[in-house]
1. If you build a Gaussian network model of the chain, linking Cα atoms that sit under 10 Å apart, which residue out of Ala98, Ala90, Ala160 swings the most?
2. With every protein chain kept in place and ligands, DNA and RNA left out, what is the accessible area per residue of region 34-107? Probe 1.4 Å, answer in Å².
3. What pairs from Lys155/Lys213; Lys17/Lys155; Lys14/Lys213; Lys15/Lys112; Lys45/Lys112; Lys155/Lys242 go past 28 Å between their alpha carbons?
4. Quick check on the chain: helices-only [θ] at 222 nm, where DSSP H runs of length 4 and up contribute -39,500 (n - 2.57) each and the sum goes over total residues. Nearest 500, please.
5. Among Gly152, Gly230, Gly18, which one moves the most in a GNM of the chain with springs linking Cα atoms closer than 10 Å?
6. Using the membrane-span-like helix rule (whole DSSP H runs, Cα extent along the own axis of at least 20 Å, mean Kyte-Doolittle hydropathy at least -1.0), which helices of the chain qualify?
7. What net charge do the residues around Glu174 carry, taking every other residue with its C-beta under 11 Å from that of Glu174, with Lys and Arg at +1 and Asp and Glu at -1?
8. Roughly how many percent of the accessible protein surface of region 5-146 is carbon and sulfur, given a 1.4 Å probe and a whole-percent answer?
Amino acid sequence: MTDALLLQVRNVAKKFKGAEAVGGVSFELGSGETLGLIGPNGSGKTTLVNLITGFVRPDRGEILFRGRLLNRRRPDQIARLGVVRTFQMARPYLGLKALENVVVPLFSSRLKRLPGGRYGGRETVALDLLEEVGFERESLVPFKPAGALPHGYLKRLELARCLALRPELLILDEIFSGLSLAEVAGLMPIITRFQAEGVALVMIEHRLRELFKVVDRVLVMNFGRVIAAGTPAQVMASPEVKEAYLGAE
Ligand code: ADP
Ligand code: MG
């Protein structure tokens, strides 16, 4: 793990119809670091991810990745720089097979050379990626239309689509939500492998117990602002954080 600065978010804000969804958020992320992003529903977590990944344009503030300003770039351009995200609601091409959904990102110009492509075409590489996230290679599951996959596999498919792009910064928006404890446990080795490979992670999660096992630091949002930052123990000791969580119940 290095301390090289990867992401700088400076005073970023976004209003929707007059209501501030993100109200001036600043934080930094080092290369290979894992940051947890938590907060009650509606606190602006997904909007912050949308701002970083170009799906929403900031009203003010700056977002820099490796010193490059992301503010006016499109999502595909940002992904090509290495910033890749999953969606809270998985968004595969429902009519395409699971496998084909992973073949699509393998056409990205980010991949100057197909990793592992020496041993086969994109379909083989896509199968490898699906196997990495827990699809049984010898089964028919990779060949099912994405629309026919159970929820747990959709989450894995989201991960495989991201992995295909070899991200430097991977943002996971509630990747554990709706999964059983066993399914979450099954994803943990995948998360720790990203970390071992030096991929920086931002993880939005409501399942704090699981989240706190893998993060270096946590940022807590409420009403569009950062109300606490630090280690899991530090933020959970904050009276403002306790209040935000109790108030939301
Ligand atoms: P979280 O992910 O923390 O639950 P969101 O970022 O999804 O929170 O939402 C923050 C606030 O912004 C909410 O009040 C939500 O209704 C509003 N919001 C998010 N996206 C939009 C949008 N595209 N149009 C209007 N309001 C939005
Ligand atoms: Mg959200």
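1. It is Ala90.
2. Numbers: 3330 Å² over 74 residues.
Normalised by residue count, the accessible surface of region 34-107 is 45 Å².
3. Values: Lys155/Lys213 20 Å; Lys17/Lys155 32 Å; Lys14/Lys213 31 Å; Lys15/Lys112 38 Å; Lys45/Lys112 32 Å; Lys155/Lys242 30 Å.
Going by Cα-Cα distance, Lys17/Lys155; Lys14/Lys213; Lys15/Lys112; Lys45/Lys112; Lys155/Lys242 fall outside the 28 Å limit.
4. Working: 9 runs with 83 residues, N = 249.
Calculated from helices alone, the mean residue ellipticity at 222 nm is -9500 deg cm²/dmol.
5. Gly18
6. Values: long enough: 181-196 (23 Å, 1.04).
Span-like helices in the chain: 181-196.
7. Details: positive: Lys45, Lys155, Arg207; negative: Glu158, Asp173, Glu205.
Once positives and negatives cancel, what remains is 0.
8. Details: 3510 of 7000 Å².
C and S fraction of accessible area: 50 percent.
The values are calculated or read from the model by the stated rules, or taken from the named source; none is laboratory data. Everything quoted here is computed from the prediction, not taken from an experiment. Every residue, glycine as well, gets a Cβ built from its backbone with ideal geometry; the counts of neighbours run over all protein chains shown. To get the accessible areas, we keep the full protein, side chains included, count just its heavy atoms, and leave off ligands, DNA and RNA. Shrake-Rupley method; radii C 1.70, N 1.55, O 1.52, S 1.80 Å.
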